[in-house]
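Single-structure report; data block below.
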Amino acid sequence: MAKYGVLLIGGNRTHQEGYGRAFAEDPRCKIVAVADEPDIPEYRAGLNRLLAHEMGVPYIADLETALRRKDVDVVSMCADVERRGRVGVQCAEAGKHIYFDKPLAGGVEDARAIAAAVQRAGVHSQMFCQITTPWAQAAKKAVQEGKVGVPTGFHADMLMAKGRPGTVGARKPRKERSRPERFTFVEAKREMLDMGVYSVSMVLWLAGKRARTVYATTGNFFFAEHESHDIEDFGAFSLTLDGGAIATATGGRIGWTSHPRGGVIRVVVTGTKGSAIFSEASPRIEVFNDEPPFSLPRTHPWDPMAMWSSTMRDLGTPGKRQWVSMSESPQSADTSSFLDCLDRDVEPEMNARAAVEHVEVIMAGYRSAASGKPVKL
Amino acid sequence: MIQMDPGLSRLQESVKGLIKQGRVGDPAVVRWYMRTPATRHRTPDALSEAMTTIAGDWMGGPAISANVVRSGKELVTHLAYGSGGFAIVTAAIGPGEPANDLMVFGSRGAIYHGRTPEGGSL
């Protein structure tokens, strides 16, 4: 019998497509229902119902009712970034353990409110990121064992190779907003937040230090979709950390044909004795054969950046087949790690409290990109 | 300015040639990490200067602003160009295997070059 009843918040065209199925595949879990707030737009409610239907569970259109259920132990939370503060607090106050989509929230106040509610409730929390992957664990071990000596730098990249590149208009310097308020659009997302959170969380976790200063730049280099909403498709950070080390982190989307696999997902760790690269693409198997080479797939009108597996499935988008991974999916590794922590009643490393700092760094990054100056934290 | 390494000059010209041919569209971002052994004349600042000059050559001109952070013999120069593009150039001097890891992202494609010791996976 399953040990944990799991409630899914959010549906298709959110990362719940992956997290929900990863929880469902774990024998410790039973998916109880899909739920969301009652006053969400009809298109979102429809996509939530679709995931519930695909997973064979009911859809509960009133989150409060769903959270009152005694058979819900864990909430997998994929509300839109703009609603995460409110929904995250509500889940914690209901006494449920929470698995958060990344980033924790779209603002520092919301992120802090979530972390405070989680602490008050005494529940466990974890935000999805890359730290439970085998390559990230190898990097952490190398740092802890002094393989590169005393660490001096951490340099992480999360650059997603999806979307049709070359559609942006004439290049011009981007004028960034110091306080972005909207992050989620149907066609695109703010990539320095959405992708940058992976690399920022990676460098801070590896360093085990807090960021002291943040310098960042953003740009519109590849996609008309981002340009049309005046949001960046690429961002980069330079950080100084407590203790003297430095870090850089990139987050962006570079287009389908800019990488032989899913994208550049890696970290370079440097130190007084040497440096080493740890990558999602390593180890890998490379296949060269007479299959047709990968070519630009059709663009889904509701998902031109190819963010969701459901739209790729609907279009029959072929995968890139030349580089073959030797690891399980990062989502399965991460949800499994969260459940291990619940089994042992220990706090996950990437909990809500830790994830607050990512939001602080990224929001400081937007202020820096707007002003052209480093920002002290 | 350090004496330009012949390998570095070849890299500069090769990448520049690809950019000129339009193979990756308009160059947008340079992400470059390089680590070399210590020599009497080589400092992180000098290595960074050489890399920054080359990055500017690829990006179509010198940067209009730069932010520098350093830790020991490692130096990151984060450059912004008038075109709106940027570069993150990391120069490190120290022991261990040399590393040269370059990525250039253009509006329609990417250039990858280099070798950094692999840390492996668990």
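The values are calculated or read from the model by the stated rules, or taken from the named source; none is laboratory data. Being a predicted model, the structure only gives us computed values, none of them experimental. Every residue, glycine among them, receives a Cβ derived from its backbone with ideal geometry; neighbour counts consider all protein chains shown. Accessible surface areas use protein heavy atoms only, side chains included; no ligands, DNA or RNA. Shrake-Rupley method; radii C 1.70, N 1.55, O 1.52, S 1.80 Å.
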>> Step by step: find N for the protein assembly as shown, compute 2.2 N^0.38 Å, then divide the Cα radius of gyration by it. What's the final number?
In response: 0.96
> Label-point separation (nm) for A:MET326 and A:THR65, each offset 7 Å from Cα along Cα-to-Cβ?
Replying inline: 5.1 nm
> So how do A:341-353, A:360-372, A:210-222 stack up, highest first, on mean other-Cβ count within 10 Å?
Replying inline: A:210-222, A:360-372, A:341-353
> Other chains' Cβ within 10 Å of B:63-72 residues: what's the mean?
Replying inline: 6
>> Leaving out ligands, DNA and RNA, and with a 1.4 Å probe, what % of the accessible surface on chain B is carbon or sulfur?
In response: 52 percent
> Add -39500 (n - 2.57) for each DSSP H run of 4 or more in chain A, then divide by its residues: what number comes out at 222 nm, to the nearest 500 deg cm²/dmol?
Replying inline: -10000 deg cm²/dmol
>> Give me the inter-chain shielding for A:159-167: mean count of other chain Cβ atoms within 10 Å, whole number please.
In response: 3
> In square nanometres, what is the average projected area of the Cα convex hull of the range A:4-123?
Replying inline: 6.5 nm²
> What base-10 log of the normalised intensity I(q)/I(0) is obtained for the range A:255-377 from the Debye formula, alpha carbons as equal point scatterers, at q = 0.13, 0.23 Å⁻¹?
Replying inline: -0.94, -1.25
>> Sort A:294-301, A:124-131, A:195-202, A:15-22 by the packing proxy (mean of other Cβ within 10 Å over each peptide's residues), most packed first.
In response: A:195-202, A:124-131, A:15-22, A:294-301
> With each run of n ≥ 4 DSSP H residues scored as -39500 (n - 2.57), what mean residue ellipticity at 222 nm is computed for chain B after dividing by its residue count and rounding to the nearest 500 deg cm²/dmol?
Replying inline: -8500 deg cm²/dmol
> How large is the accessible surface per residue of the range A:222-377, computed with a 1.4 Å probe and reported in Å² as a whole number?
Replying inline: 41 Å²
> For the cross-link pairs A:LYS162/B:LYS20; A:LYS175/B:LYS73; A:LYS30/A:LYS102, which exceed 27 Å when the distance is taken from alpha carbon to alpha carbon?
Replying inline: A:LYS175/B:LYS73
> Given a cut-off of 19 Å, what percent of all Cα-Cα pairs of the range A:260-323 lie beyond it?
Replying inline: 52 percent
> By the scheme Lys and Arg +1, Asp and Glu -1, what is the net charge of all other residues having a beta-carbon under 11 Å from that of A:GLY153?
Replying inline: +2
> Taking the highest mean first, how do the peptides A:252-259, B:108-115 order by number of other beta carbon atoms within 10 angstrom per residue?
Replying inline: A:252-259, B:108-115
> If one computes the Cα centroid of the range A:255-297 and of the range B:44-89, what distance in Å separates the two points?
Replying inline: 25 Å
>> Restricting things to Cα coordinates, could you compute the convex hull volume per residue of the range B:26-107 in Å³?
In response: 75 Å³
>> What does the structure give for B:104-116 when I average, per residue, the other chain Cβ atoms found within 10 Å of the residue Cβ?
In response: 6
